[in-house]
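Everything on this sheet refers to the single structure shown next.
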Amino acid sequence: MATEATDAAAPQSANTSGNSSTALNIATWQYPQNIKRSFQNIARIHPTVKVSRGDGPIVKLHLAEEKMGKLEVAKASITDPALTVRGVMHATNTDAVLIMHNGRILWEKYYNTMTSLTDHLLMSVSKTLVGTLAGALIDAGLLDPEQEVTTYVPALATSGYAGARVRDILDMRSGIKFSEEYLDPGAEVRLLEEAIGWAPAHGTVGPIGMYEFLRTLQAKSAHGGAFEYRSCETDVLGWVLESAGGAPMQELLSERIWSKIGAQQDLVMGVDQFGTGMFDGGFNATLRDLARFGHMYVNGGRALTGKQVVSEDWLADTFTADPMQMQAFVQSPTDNMMPGGRYRNQIWFPNPATNAAVALGIHGQMIYMDPATKLVAVKLSSWPLPQDASKLFPTIRAFEAVSNYLAAQQ
């Protein structure tokens, strides 16, 4: 079922939990059968704060009426079935998808209950928002990526983060012990959720709140080594940014990022018991606002409003492949299934042949950004499982097919 999109501001929703037999709560919201509903109703399940869009005008996104859904997608192997872009979207639990070229919408579709006004949980696409803020603060001279984390957050001096640089956490190359095994209830990524009240506590009650939890983490190896994807790195980065910027995350993101892109709605940030942001995966936004955000990554750091959000120097640092980055990626203790890929400034670069930047979140959240063709593609999803290569890589190939088509038209 598709719905027509508008740029009108969303009405306030009543804060109700619904029938008790189907109510969403911290114990049930991540059940596979509830993902589709919970990801569109996070503010009914967890505490949240608004990141203001400011008082500027909404940037209208014009429709170009292109039939992107019919494009054929490259196969991973000769035995794979033939698929189109639309077919990939239908097969991968898509809630909404938007393809935008140079600020014009080529294709946009909403499925089931999702609409253009719906805030959808971004999971780890949130990390790219936080990484972008780091770039803005570096541009402003408020943050030095070569300084140690404890320069900005002395409270981490007794943790494993002592000696780690801001650069190490931007690129997820600290030596911190932190498991990202989402299906393991004892993994640190799940213990973090318990600590901030996003999941019921199991067994002994651990640290309460984001910051207290981060102070308990210990190092397993030297900082600055192999890449290892860890959500705690972004949470530490958020703490560092609040200190460097002298304000809470919601104020910094509004001032430096969200108020500059012509967003239609406020960004919504999930928080812990004390109002600290769930920086690594707690942001919620509309489909079109994510496209507006992504546009600056393909337009030299300049938003559709004409405002410079991050510098060209920051983007050059982000998009330029460095042998050390690539070696760190190869040395990762987990198989990221991205040969020749890399990770820089809280963004994935899965394919060296394209050098497109990809913001990724579990359960199928994605912003695909290719400066070579000025393509921004956004997909919001509700995969039953947190990670699913059979859905992730066809989606990336689908957006690569669109980029190839646009390149051929130039």
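Derivation of every value follows stated rules applied to the coordinates shown; laboratory data play no part. Note that this is a predicted model, so its numbers are computed, not measured. Cβ placement follows ideal geometry from the backbone for every residue including glycine, while neighbour counts extend to all protein chains displayed.
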For the stretch 159-265, using Cα atoms only, the Rg and Dmax in Å read 15.3, 46
Per the helix-only model, the chain has a calculated mean residue ellipticity at 222 nm (DSSP H runs of ≥4, -39500 (n - 2.57) each, divided over all residues, rounded to the nearest 500) of -8000 deg cm²/dmol
In nanometres, the difference between 0.36 nm per residue of separation and the alpha-carbon distance of LYS67 and ALA321 is 88.1 nm
Candidates PRO323, PRO81, PRO57; GNM for the chain (alpha-carbon contacts under 10 Å) flags as most fluctuating PRO81
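If exposed means no more than 16 neighbouring beta carbons inside 10 Å and the site is in a DSSP loop, what's the longest run of the chain without any exposed trypsin sites (Lys or Arg not before Pro)?
308-410
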Relative to the compact-globule estimate 2.2 N^0.38 Å (N residues), the Cα gyration radius of the stretch 350-410 stands at a ratio of 1.13
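Count neighbours as other Cβ atoms within 10 Å of each site's Cβ, and list the chymotrypsin sites (Phe, Trp or Tyr not before Pro) in the stretch 237-304 that are DSSP loop with at most 15 such neighbours.
Details: sites: TRP239, TRP258, PHE274, PHE279, PHE283, PHE293, TYR297; in loops: PHE274, PHE279.
Sparse-neighbourhood loop chymotrypsin sites (Phe, Trp or Tyr not before Pro): PHE274.
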Counting every C-alpha pair in the stretch 306-403, the percent lying more than 15 Å apart is 64
Expressed in angstrom, Rg and Dmax over the Cα atoms of the stretch 111-177 are 16.2, 48
Restricting to Cα pairs under 8 Å and 6 or more apart, the percent relative contact order of the chain works out to 24
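At a 10 Å Cβ-Cβ cut-off, how would you order ILE99, ILE35, fewest neighbours first?
In order of increasing Cβ crowding within 10 Å: ILE35, ILE99.
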What the Cα atoms of the stretch 195-255 span along the principal axes, largest first and in whole Å, is 41, 32, 17
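Order by neighbour count: THR320, THR204, fewest other Cβ atoms within 10 Å first, most last.
On the way: THR320 10, THR204 5.
Going from sparsest to densest Cβ surroundings: THR204, THR320.
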From the Cα centre of the stretch 366-402 to that of the stretch 331-358, the distance in Å is 14
Correct semi-axes for the stretch 63-132, from √(5λ) of the alpha-carbon gyration tensor and rounded to whole Å with the largest first, are 24, 17, 14
When TYR111, TYR31 are ranked with the fewest other C-beta atoms within 10 Å first, the list becomes TYR31, TYR111
Residues whose modelled amide H sits under 5 Å from the amide H of LEU83, counting only those 5 or more places away in sequence or on another chain, are VAL73
D (µm²/s, integer) via Stokes-Einstein for the chain, Kirkwood Rh across alpha-carbon pairs, 4 °C, 1.567 mPa s: value 61
Sequence order, the stretch 135-142: Karplus ³J(HN,Hα) from phi using 6.51 cos²θ - 1.76 cosθ + 1.60, θ = phi - 60°, Hz rounded, Gly and Pro as x, gives x, 5, 6, 5, 4, 7, x, 8
Any residue on another chain or 5+ positions along whose placed amide H is under 5 Å from the amide H of TRP107 is listed here as ILE99
For LYS374, the lysines lying under 26 Å Cα to Cα, once residues fewer than eight places off in the same chain are dropped, come out as LYS60, LYS67, LYS70, LYS75, LYS109, LYS127, LYS260, LYS307, LYS391
Over the Cα atoms of the stretch 175-229 the radius of gyration and the largest Cα-Cα distance (Dmax), both in Å, equal 11.9, 34
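How would you order 331-339, 148-156 from highest to lowest mean count of nearby Cβ atoms within 10 Å? Numbers along the way, then the final one.
Details: 331-339: 12.4, 148-156: 18.3.
Going by the mean number of other Cβ atoms within 10 Å, highest first, we get 148-156, 331-339.
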The base-10 log of I(q)/I(0) that the Debye equation returns for the stretch 234-329 at q = 0.19, 0.20, 0.26 Å⁻¹, one scatterer per C-alpha, is -1.07, -1.13, -1.30
